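Report on the following structure.
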Ligand code: FES
């Protein structure tokens, strides 16, 4: 299986790995097929993502996707972050092998969960896909 140089880079040197104390939203999702888990922590200021961290117990493609996804949503508004698709994450990584595309879904879903966790904490209605 061929991975792009960007995937290898984000896998071996992941950005924004870790957790955030007193975060404003946490999203945790699992992939039923492989059992891998991804957790996203958000720090929100106004309607912007001031900081984001991730913990991923999963395959290399899932780790690279988490790393790239956090880079792409940092500093963005919640709405912009919500619109980040797993396809866009995979494209930013110069592609993922087709059978690993589902791994990038974890990032999209975990970001959605984290945003909705934040909205619920503020007493707002969660968003739908
Ligand atoms: Fe489980 Fe990639 S194989 S997320």
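Is one or more of the residues making up region 102-115 over 23 Å from residue 11 (Cβ atoms), away from the ligand (no atom under 16 Å from the Cβ), part of a loop (DSSP other than H, G, I, E, B) and modelled with pLDDT of 95 or more? Checked against the condition, which is being over 23 Å from residue 11 (Cβ atoms), away from the ligand (no atom under 16 Å from the Cβ), part of a loop (DSSP other than H, G, I, E, B) and modelled with pLDDT of 95 or more, region 102-115 yields no hits at all. With the condition kept exactly as written, say whether any residue in region 54-69 is away from the ligand (no atom under 16 Å from the Cβ) and either within 20 Å of residue 14 (Cα to Cα) or surrounded by fewer than 16 Cβ atoms within 10 Å (Cβ to Cβ) (or both). Scanning region 54-69 turns up no residue that is away from the ligand (no atom under 16 Å from the Cβ) and either within 20 Å of residue 14 (Cα to Cα) or surrounded by fewer than 16 Cβ atoms within 10 Å (Cβ to Cβ) (or both).
Counting only strands (runs of 3 or more DSSP E) wholly contained in region 1-100, the ones carrying 2 or more residues that are farther than 22 Å from residue 128 by Cα and modelled with pLDDT of 95 or more occupy 48-57.
Pairing residues of region 37-60 that are without any contact (Cβ under 8 Å) to a residue 24 or more places away in the chain and closer than 14 Å to residue 19 by Cα with residues that are assigned to a strand (DSSP E or B) and within 13 Å of the ligand (Cβ to nearest atom), at Cβ distances under 7 Å and at least 6 apart in sequence or on separate chains, gives 57/37.
Select from region 72-98 the residues that are touching a residue at least 40 places away in the same chain (Cβ under 8 Å) and buried (at least 16 other Cβ atoms within 10 Å of the Cβ) and write down the one among them that is farthest from the ligand (Cβ to nearest atom). Here the answer is 78. Residues in region 15-39 that are within 14 Å of the ligand (Cβ to nearest atom) and surrounded by 17 or more Cβ atoms within 10 Å (Cβ to Cβ) were compared, and the one that is farthest from residue 115 (Cα to Cα) is 36.
Contact map, region 101-129: residues that are within 29 Å of residue 4 (Cα to Cα) and touching a residue at least 12 places away in the same chain (Cβ under 8 Å) paired with residues that are more than 16 Å from the ligand (Cβ to nearest atom) and in a helix (DSSP H, G or I), Cβ distance under 6 Å, separation 6+ or inter-chain. Pairs shown: 111/81. Quick one: would you say residue 26 is more than 12 Å from residue 110 (Cα to Cα) and either touching a residue at least 60 places away in the same chain (Cβ under 8 Å) or touching a strand residue (DSSP E or B) at 6+ places or on another chain (Cβ under 9 Å) (or both)? Taking the combined requirement at face value, the residue does not satisfy it.
The values are calculated or read from the model by the stated rules, or taken from the named source; none is laboratory data. Values in this document were obtained by computation on a predicted structure and should not be read as measured data. Positions of Cβ are backbone-derived with ideal geometry, glycine not excepted, and every protein chain shown enters the neighbour counts.
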